[in-house]
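The structure appears right after this line, and notes come after that.
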Amino acid sequence: MAFTDLLDALGGVGRFQLVSTALLLLPCSLLACHNFLQNFTAAVPPHHCQSPANHSAAAVYGSGAWLRATVPLHPLGLPEPCRRFTRPQWALLSPNASVDGAATEGCKDGWVYDRSVFPSTIVTEWDLVCEARTLRDLAQSAYMAGVLAGAAVFGSLADRLGRKAPLVWSYLQLAVSGAATAYFSSFGTYCFCRFLMGMTFSGIILNSLSLVVEWMPTRGRTVAGILLGYSFTSGQLILAGVAYLIRPWRWLQFAVSVPFLIFFLYSWWLPESSRWLLLHGKTQVALKNLRKVAAMNGRKEEGERLTKEVVSSYIQSEFAAGRPSNSVLDLFRTPAIRKVTCCLMVVWFSNSLAYYGLAMDLQKFGLSVYLVQVLFGVIDIPAMLVATTTMIYVGRRATVASFLILAGLMVISNMFVPEDMQSLRTAQAALGKGCLASSFICVYLFTGELYPTEIRQMGMGFASVNARLGGLAAPLLTMLGEFSAVLPPVGFGAPSILAGLAVCFLAETRDVPLVETIEAMERRVKERLSRNDAEEKGEEVSLQQLGVSPLKETI
């Protein structure tokens, strides 16, 4: 008997599963706010050089004329953001006048920002424009580096210490580091705090998903995994609304960080995964948690009848084959696990590369950043509805592969749309992003189902590391657009298509009980291969009895 049979006996998808899933997914929605926060806190408003100070001509001619005489115009008709004339060019005040070869210089006296949309951002506070514009990307890279480090650290800790302890700590760390980001006035401290915040992304996502999946019976796992996607989508919509209402970046940062103190407080109620407890020999604690779950699901009598021997009977066949070792080499040691890991490395890296390439710089679309944020969030809803349906009735493998290949084609085809058709380019990019978001959520669930319990968190952490590498590579790939406009769309789209093909080599996990140990997974794969061989031999025997050669039949 599998552990999922025990969960079914204790109420299946009952009140406990519904409440705990809701409490785990609520923080994930606000976590999405932090993921895309720099679309607003690091927005670049229109700006131009500050005119020389203490010049009496400014009062005589007016600010508009003074600006025209001191700052050259950009080809689009706006003031040049990074240069000014060394001397005022009064001839430019005449209609249709032009000045060729006038000497210019950098913005020695600072910049003037248009604060009508963004009263303050980290760009306006620390002048992250012109020569310092790369520091803006450095701040986002610090966050993504934190996500990368968190995937490695929390993925390993969760298999050693359990799912709950790293999750509780991640809530507290995000609340404190998020508030500190809004408080300190140093850019270096800002980047360090963003790094700490990024670490918690992996700690919260990975452990929340594992707790949801490991407490959920087989029939409820698909819906639970998709609900994680919807929580992430709702977070993007929440961010657009909160950012529209709270424009100063420090208050916006504070507003999306403080709620994690509440999550930290109620997370102590969440029980540890009984699968993990049983696997690590903590049967008494697991039994106590199972009885609480049974009572909450209205099966108190069934819970009271549970004993160590009864619980062990559900998992003995799966746990007897081995004990957990906490080495990353376990992800490559045996053939079945090695195949899963190699395929997932390609899938997670490519999915993240394309996803963050589309979603992290909304100002490039030339529309309202709030509108684009809402559009990019809303498009996920129908995409995930389709993903939910196909995952339930078709399977995980076909769903993930289809969305990845479709997203790659969308991204590549977008480079053939003319630059002046911004609305069409934005809509097509939004569709591609919706496909990538759906495949991302599906592959989270798919990965959790592919790896056995004893290395599930390590496997998901390692897969997430590859995703963060993709996130780090995304801005670098975007920078290649300065050399050729073809490179970014091809660089984002082609790996996505390749990842879709790689998914085809993975096993289907729809309606399949979770595997607990590496040995159990190897046995399952061998049994599947033996069954396939038997079926092939049976077909050959049938053909021979009919007097038909298998070769001729194939021809």
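The values are calculated or read from the model by the stated rules, or taken from the named source; none is laboratory data. All of these numbers come straight from a predicted model, not from anything done at the bench. Don't worry about glycine lacking a Cβ; one is built from the backbone with ideal geometry, like all the others, and counts go over all protein chains shown. In case anyone asks, the SASA skips ligands and DNA or RNA and just uses the protein heavy atoms, side chains included. Shrake-Rupley method; radii C 1.70, N 1.55, O 1.52, S 1.80 Å.
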(Q) So, PRO45, is that one open to solvent by less than 10 Å² (accessible area, probe 1.4 Å) and touching a strand residue (DSSP E or B) at 6+ places or on another chain (Cβ under 9 Å) or not? (A) yes
Q: Within the stretch 155-167, track down each residue that is open to solvent by less than 10 Å² (accessible area, probe 1.4 Å) and either in the same structural domain as TRP348 (by the TED database) or of a type outside the set (Asp, Glu) (or both).
A: GLY155, ALA158, GLY162, ARG163, PRO166, LEU167
Q.
With the requirement that a residue be touching a Phe, Trp or Tyr at 6+ places or on another chain (Cβ under 7 Å) and not in a helix (DSSP H, G or I), what does the stretch 126-173 give you?
A. ASP127, VAL129, GLY162, ARG163
Q. If you take just the helices (runs of 4 or more DSSP H) that sit entirely in the stretch 178-255, which of them hold at least 2 residues that are of a type in the set (D, E, K, R)?
A. 187-214, 218-245
(Q) Restricting to the stretch 248-269, give me the number of residues that are open to solvent by 60 Å² or more (accessible area, probe 1.4 Å) and either farther than 29 Å from THR4 by Cα or at pLDDT 90 or above (or both). (A) 5
Q: Report yes if some residue within the stretch 173-187 is open to solvent by less than 50 Å² (accessible area, probe 1.4 Å) and in contact with a Pro (Cβ under 9 Å, 6 or more places away or on another chain); otherwise report no.
A: yes
Q) Within the stretch 344-357, can you find the residues that are over 15 Å from GLY491 (Cβ atoms) and either in contact with a Pro (Cβ under 7 Å, 6 or more places away or on another chain) or open to solvent by less than 20 Å² (accessible area, probe 1.4 Å) (or both)? A) LEU344, VAL347, TRP348
Q: Name the residue, out of LEU469, LEU487, LEU445, that is surrounded by fewer than 21 Cβ atoms within 10 Å (Cβ to Cβ), in contact (Cβ under 8 Å) with a residue 40 or more places away in the chain and among the aliphatic types (A, V, I, L, M).
A: LEU469
